[in-house]
1. Taking Cα atoms, how many degrees apart are the long axis of helix 100-112 and the longest axis of the chain, rounded to 10 and kept between 0 and 90?
2. Among [x] 1, 7, 13, 14, 15, 14, 15, 10, 6, 3, 1, 0; [y] 1, 8, 16, 20, 22, 16, 10, 4, 1, 0, 0; [z] 1, 7, 14, 17, 17, 12, 9, 6, 4, 3, 3, 2, 2, 1, 0, 0, which one is P(r) over Cα pairs in 5 Å bins from 0, in percent computed from these coordinates?
3. Have a look at Leu88, Leu123, Leu34 and tell me which one the Gaussian network model of the chain (Cα, springs below 10 Å) gives the largest fluctuation.
4. For the range 138-190, what class follows from the C-alpha gyration tensor (a ≥ b ≥ c being the square roots of its eigenvalues): rounded when a/c is under 1.5, otherwise prolate if a/b is larger than b/c, else oblate?
5. Over the chain, with a Gaussian network built from C-alpha contacts below 10 Å, which listed residue (Ile120, Ile49, Ile15) shows the highest mean-square fluctuation?
6. Taking all protein chains in place and a 1.4 Å probe, what share, in percent, of the accessible surface of the range 112-170 do carbon and sulfur account for?
7. Keeping every protein chain present and rolling a 1.4 Å probe, give me the accessible area per residue for the chain in Å².
8. Would you work out the charge dipole size for the chain about its Cα centre, treating the Cβ of every Lys and Arg as +1 and the Cβ of every Asp and Glu as -1, and quote it to the nearest 20 debye?
Amino acid sequence: IVLQQEGPEAALEEIDAILGDVEEDDALATFRALRAGILFDRGERDTAIAEMEALLDDELSTEMSGRMRVTLARMLMAVGNQVGARALVDEVLAADSTQADALKMKASWLIDEDETREAISLLRAALDNDPDDVQALTLTARAHARNGDRDLAREFFALAVEASNSAPEESLLYADVLVAEERFLAAEEVLIGALRLAPGD
């Protein structure tokens, strides 16, 4: 809330104040990662990455360690260090093969490399944990589309729209598929549903 209403400087001051009172390791890690994320977003990328790397030296639960590694992997991807990001994701999955964010990151890379069968397998595991995971549904749709299975791709794009409550991004992806199939009225219905929720989009 502070970040949204008062900006990054105020948010960092608030987090620094909280860090002085937090003792529980996982809670401390959460606030330190939040602080690193704010620094990263305002352009202090090297500092943010260094903070995340230092954070991983602490004793954390397997779940928290996985979350922190995925966060760092996203930062590394943003600065072009794909090798480092992939290594972190592999570490996470070696420790916990059901970690959803790591599964989705790896699946996205596999889709780009046309390894769609393995990607779908990973995404199935993510969806077993949360059948309404919008990102996993969208990635599964992408994998099927890349694999040439238009019917399954359309089905998963539709599921992503439903799970996202007709969010604009997912609605546009699904509408594009329908337009490509010349199902213009159906595409219009999808877009109108999104506009009801986001009329300014």
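1. 50
2. [x]
3. Of Leu88, Leu123, Leu34, the most mobile in the Gaussian network model is Leu34.
4. Oblate, because a/c is 1.5 or more while a/b does not exceed b/c.
5. Looking only at Ile120, Ile49, Ile15, the largest GNM fluctuation is found for Ile15.
6. The nonpolar share, carbon plus sulfur, comes to 41 percent.
7. Using a 1.4 Å probe on heavy atoms only, each residue of the chain averages 57 Å².
8. 780
The values are calculated or read from the model by the stated rules, or taken from the named source; none is laboratory data. Bear in mind that the values here come from a model prediction, so they are computed numbers and not experimental data. Reconstructed Cβ throughout: ideal geometry from the backbone, glycine too, with neighbour counts over all protein chains shown. Surface areas here come from the heavy atoms of the whole protein model, side chains and all, with no ligands, DNA or RNA. Shrake-Rupley method; radii C 1.70, N 1.55, O 1.52, S 1.80 Å.
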